[in-house]
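Every number here is computed from the coordinates shown, using simple stated rules; none is lab data. None of the values given here were measured: they were computed from a predicted structure. As a convention, Cβ positions derive from the backbone with ideal geometry for all residues, glycine included, and neighbour counts pool all protein chains shown.
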Amino acid sequence: MSYQDFITSKVQWGNQQGFDPGEPPSWLYDFQAYLFDWSIRQGRGAIFADCGMGKTAMQLAWAQRVIEHTNKPVLIATPLAVGAQTVAEAERFGIEAKRSRDGFFDGSKCVWVTNYEQLPKLDPSQFAGMVGDESSAIKDFKSRTKSVVIEFMRTIPYRLLCTATAAPNDFWELGTSSEALGLLGFRDMITKFFKMEQAGGGHAWGRTKYRFRGHAEKPFWSWVCSWARAIQKPSDLGFDDTRFVLPGLVESQVEVVARKKREGFLFDLPAQGLKEEREERRRTIVERCEMAASIANSHDRPCVLWCGLNDEGDMLERLTNDCVQVKGSMSDEAKEEALTAFGAGQIRCIVTKPVIGAWGLNWQHCSDVVMFPTHSFEQYYQSVRRCYRFGQKNTVDVRIICSEGETNILKNLQRKQEQARRMFAELVHHMNDSLRLVTSDKFKERETVPTWL
């Protein structure tokens, strides 16, 4: 083995395993055509594109081209209720797509759409490619969904992951995404690029904190750049932003006063710890739901109300005019029917939990959002982004209803929001910087080597 071969064997790059895609579909925007071309040539890659950037269009174009190349079907796995939207988009672009709600598969060589929960009922050997839509579902290395998806994709030749929230608070998702694509495993990523942090700082995963190894940050981003592309707006890839300008976003806090004081307290104080926060949420449920419903009832525009507790959802449904609730006890078909009806403007107000409806749906017709505080930044981001996404024409008004005792939850959410904003900006910056370095001609220049080498 030569020294160059030895060095090459140590580099963890996502080597291209795709093919020449030919001309991109005419209905893709210029930056989408670039990402389509890159992902087909890559064979196994990830597209981290912000909400409204056309991930569905890109993954449908990707799937159709893989079908044409292999003469085998391609599977798209989506969150619940996004499947119907994906099939409708496929019809709009003239792509044949079928749903598999319960593991049904008749061998048709077309795009098949299912939700993640149905993967164990399907045979991966029947598909030439798979797309993981809203792939943040696999970011938790302990989650059952992550294990199922990675096992299902393990033998599939062509793979694509798409999400808007890559690594919302840390680099966890990057490792699990790489593992799903058959590249560097999550644990191997930790070992190669990070070391355990002894005191302060670092990225918290579980109860352990890690930081980059010395001089490992740039190699890390170069490695990510070898199998992923990140984009918040077209100009991140050098394209024009004119057609992708978001309207305003107004986020405001509406504080309610509890009618009943906490036992043993003369004044309401911020809750300390999860136990007190849960008690505070239960104690103020009537006041918060009444305020949320009054905001939704003050106009006749579409409105989405996000809740976290079953009792909150039931109360909001009773108090809000022209309202339908989507809850966990409903069948998948009933949930999908209600969510689709709201998206089509057939229902004015909808009440549901973020875990049910906050991923992948296009609700640009709605610009009024009412919700309660949460510690999960990803849930908050996705809940807002159902409405605040490219294609929205109006200023989006987000009202967060909270009591005085929930101020610490809001502070934690705001901290995570700022952290996530910086991290995604850094993700785009480092990735594009690494991309420029990788494609630079300067590495082709001959360098003078010291005589002792």
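The string of couplings for the stretch 383-389 from the Karplus curve (6.51, -1.76, 1.60, θ = phi - 60°) is 4, 5, 6, 4, 9, 8, 8 Hz, one whole number per residue in order, with x for Gly and Pro. Ratio of Rg to Rh for the stretch 9-240: 0.97 [Cα atoms; Kirkwood radius as inverse mean 1/r over pairs]. Peptide packing: for 378-385, 274-281, the average count of neighbouring Cβ atoms within 10 Å per residue gives the ranking 378-385, 274-281, highest mean first. When you restrict to C-alpha pairs under 8 Å that are six or more residues apart and normalise by the size of the stretch 249-413, the relative contact order lands at 34 percent. Across the stretch 371-396, the residues whose backbone nitrogen lies under 13 Å from the label position 7 Å along the beta-carbon direction of Val250 are 394-396. For Ser26 and Arg259, what does the FRET efficiency come to when R0 = 51 Å and r is the distance between their Cβ atoms, rounded to the nearest 0.05? Computed FRET efficiency for Ser26 and Arg259: 0.25.
Counting 0.36 nm for each residue step from Arg415 to Arg92 and taking away their Cα separation leaves a gain of 112.2 nm.
Scanning residues 5 or more positions from Leu161 or on other chains, those with amide H under 5 Å from its amide H are Gly45, Ala46, Ile47, Gly132, with H placed 1.01 Å from N in the peptide plane. Each of His299, His365 was scored by other Cβ atoms within 10 Å of its Cβ. Listed from fewest to most, they are His299, His365. Using alpha-carbon pairs under 8 Å, 6+ residues apart, how would you state the relative contact order of the stretch 319-445 in percent? So the answer I get is 20 percent. Neighbours of Arg301 by Cβ distance under 12 Å: Lys/Arg scored +1, Asp/Glu scored -1, total -3.
Taking each residue as 0.36 nm, the span from Ala344 to Gln17 lengthens on full extension beyond its C-alpha to C-alpha distance by 113.7 nm.
Positive end of the dipole of the stretch 9-240 (Cβ unit charges, origin at the Cα centre): among Trp223, Phe104, Ile156, the Cα lying farthest that way belongs to Trp223.
With the simple model of a label 7 Å out from the Cα in the direction of the Cβ, Thr242 to Asn71 spans 4.5 nm. For Cys366, no residue whose modelled amide H falls within less than 5 Å of its own remains once neighbours fewer than 5 places apart on the same chain are excluded.
With a cut-off of 11 Å between beta carbons, the residues surrounding Lys121 carry a summed charge of -2, where Lys and Arg count +1 and Asp and Glu -1.
Note that the stretch 112-118 has calculated 3J(HN,Hα) couplings of 10, 10, 9, 9, 4, 5, 8 Hz, one per residue in order, obtained from phi through the Karplus relation 6.51 cos²θ - 1.76 cosθ + 1.60 (θ = phi - 60°); glycine and proline are x.
Using the Cβ atoms and a cut-off under 13 Å, what net charge is assigned to the surroundings of Val74, where Lys and Arg are +1 and Asp and Glu are -1?
Value of the local net charge: +2.
Site pair Glu287 and Lys109 shows an inter-label distance of 6.5 nm when each label is modelled 7 Å from Cα along Cα→Cβ. Please work out whether the stretch 216-264 counts as rounded, prolate or oblate from its C-alpha gyration tensor, where a ≥ b ≥ c are the square roots of the eigenvalues and a/c under 1.5 means rounded, while otherwise a/b larger than b/c means prolate and anything else oblate? Oblate is the answer for the stretch 216-264, as a/c is 1.5 or above yet b/c matches or exceeds a/b. Look at Met291, Met58 and count the other Cβ atoms within 10 Å of each Cβ; fewest to most, that gives Met291, Met58.
Taking the fewest neighbouring Cβ atoms within 10 Å as the starting point, the ordered list for Tyr388, Tyr29 is Tyr29, Tyr388. Extending 7 Å from Cα along the Cβ direction at Leu309 and again at Glu117 yields two label points whose distance is 2.5 nm.
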